[in-house]
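The values are calculated or read from the model by the stated rules, or taken from the named source; none is laboratory data. No experiment lies behind these values; they were computed from the predicted model shown. Neighbour counts run over all protein chains shown; Cβ positions are idealised from the backbone, glycine included.
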Amino acid sequence: MRIRVATFNVQSFRAGVDGAALAIGPEQPDVVLVQECGPRRKLRRFAAALEMEAESTHRRFGRVRNAVLYRSPWRRGAVEVGTFTREGRTRPRGFIVVHLRRTGERLAAISAHLGLSPREREQHARELTDAVAGIEGPVVLGIDLNEGSESSAARWIGERLFDAYLRPDGRADLTFPARLPTVRIDFLFVSEDVRPLRSWVPSGPAVALASDHRPVLADLEVRTR
């Protein structure tokens, strides 16, 4: 089974719902893993513009919310929300797992957003991979790491899941800040039963203006059992 997945920090739609939809909509993703998904009403408008359904962590988190959008024929199964350990008075953070189903197939879609301090991110990375280890079947994880690919959190996750974006030459397009990117802090990771076929970071005026992050997309082959 082939599926197109995106991860996108939409910066609470500060540049507008329509702008975010214009940045990602032409790519026609089947699943979008969203960070900083903003107020519920804006998330619903965003999902409607993409002709998708949405599940989010609005009830548990404040500004640092995550969401999973999915398109028919995928249907929602169980939804899990995990909370990361807080360091001092930092904002509550966590992740959402949406177990998607279609005839004879399944996929756990996860959206997460790590903390701002290196020590907090390391702790969050460990808590996240512990949660993923308990999931049976294919997994795709979209995450704003808040740090680059050489960081300890990125290496920790990369030793347990597969970076869906790495090209044969080992390079990757940058994602932050969107107007003139200098670093890659947005990642798609997959489990061993998901094979990346193609990956890319869109560009152009619509992408540069939609958020402070650029989205990451990948075409994936999910091995069914």
Inset, instruction - Would you mind stating whether Ala6 is within 20 Å of Asp186 (Cα to Cα), out of contact with any strand residue (DSSP E or B) (no Cβ under 7 Å at 6 or more places or on another chain) and among the small types (Gly, Ala, Ser)? - result: no
Inset, instruction - Determine, yes or no, whether Val64 is loosely packed, with under 14 Cβ neighbours inside 10 Å and touching a His at 6+ places or on another chain (Cβ under 8 Å). - result: no
Inset, instruction - Among what's in the stretch 147-200 and is surrounded by fewer than 19 Cβ atoms within 10 Å (Cβ to Cβ) and in contact with an Asp or Glu (Cβ under 6 Å, 6 or more places away or on another chain), pick the residue that is nearest to Gln28 (Cα to Cα). - result: Arg198
Legend entry - Residue list for the stretch 77-103, filter: under 27 Å from Pro138 (Cβ atoms), surrounded by 13 or more Cβ atoms within 10 Å (Cβ to Cβ) and touching a Pro at 6+ places or on another chain (Cβ under 9 Å): Thr83, Phe84, Arg102
Inset, instruction - Considering each of Val97, Val81 in turn, give the residue that is of a type outside the set (Asp, Glu), at pLDDT 95 or above and under 16 Å from the mean Cα position of the chain (by Cα). - result: Val97
Inset, instruction - For Ala112, indicate whether it is surrounded by 13 or more Cβ atoms within 10 Å (Cβ to Cβ), at pLDDT 95 or above and of a type outside the set (Lys, Arg). - result: yes
Legend entry - Test set (1) assigned to a helix (DSSP H, G or I); (2) among the hydroxyl-bearing types (Ser, Thr, Tyr); (3) modelled with pLDDT under 95 - Thr129 fails condition number: (3)
Legend entry - Top-ranked residue of the stretch 174-216 - restricted to ones that are among the charged types (D, E, K, R) and in a strand (DSSP E or B), ranked as farthest from Cys37 (Cα to Cα): Arg195
Legend entry - strands (runs of 3 or more DSSP E) enclosed by the stretch 39-102 - at least 2 residues per element that are without any contact (Cβ under 8 Å) to a residue 24 or more places away in the chain: 53-56, 75-83
